[in-house]
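Bear in mind these aren't lab numbers, they're just calculated from the coordinates by the rules spelled out. The structure presented is a predicted model; accordingly, all values stated were derived computationally and were not measured. Positions of Cβ are backbone-derived with ideal geometry, glycine not excepted, and every protein chain shown enters the neighbour counts.
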Amino acid sequence: MTTTPANRKVDALLWLAGGKSNREAAEAAGVTAGTVAAWKRQPTFAAELAAVKALYQERPQDGRAIVERLQAAKERLSPPAPKVVAGGTFRVRVSVPAGTSARQRERLTARAIAAGLRAAREAES
């Protein structure tokens, strides 16, 4: 798969659903084991993992159903496309936990803007 975050998450989902460890899933997805562990704590990812695991356990030979479920998971795990407004600008949403320092807020904002720019470029191509 390609290196978009959603594709990496889907790669990890497939390996985790097959009973592999965080480390093995991380290697397959091209991320660290810590990243996979963090994804597993996210409610959306955890729900997708549970659904893919259930399908895999129920129908392990039904490759078509598993692929379709993974494609649907990719849609749900993809970040929303930035909203383009007048003048070709776009909006991004930044979630900043309480008690975050000013420097960390700046970093989180910069990351959100960078992610929005990447998503806008991908949407154009």
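Could you work out the Kirkwood radius for the range 17-66, taking every pair of different alpha carbons, averaging 1/r and inverting it, reported in Å?
The Cα-based Kirkwood calculation yields 11.5 Å.
What ranking do 15-27, 101-113, 31-43 get when scored by the average of other Cβ atoms within 10 Å per residue, highest first?
15-27, 31-43, 101-113
HN-Hα J couplings of the range 24-32 from phi, Karplus 6.51/-1.76/1.60, θ = phi - 60°, integer Hz, Gly and Pro as x?
With coefficients 6.51, -1.76 and 1.60, one gets 5, 5, 5, 4, 5, 8, x, 10, 8 Hz.
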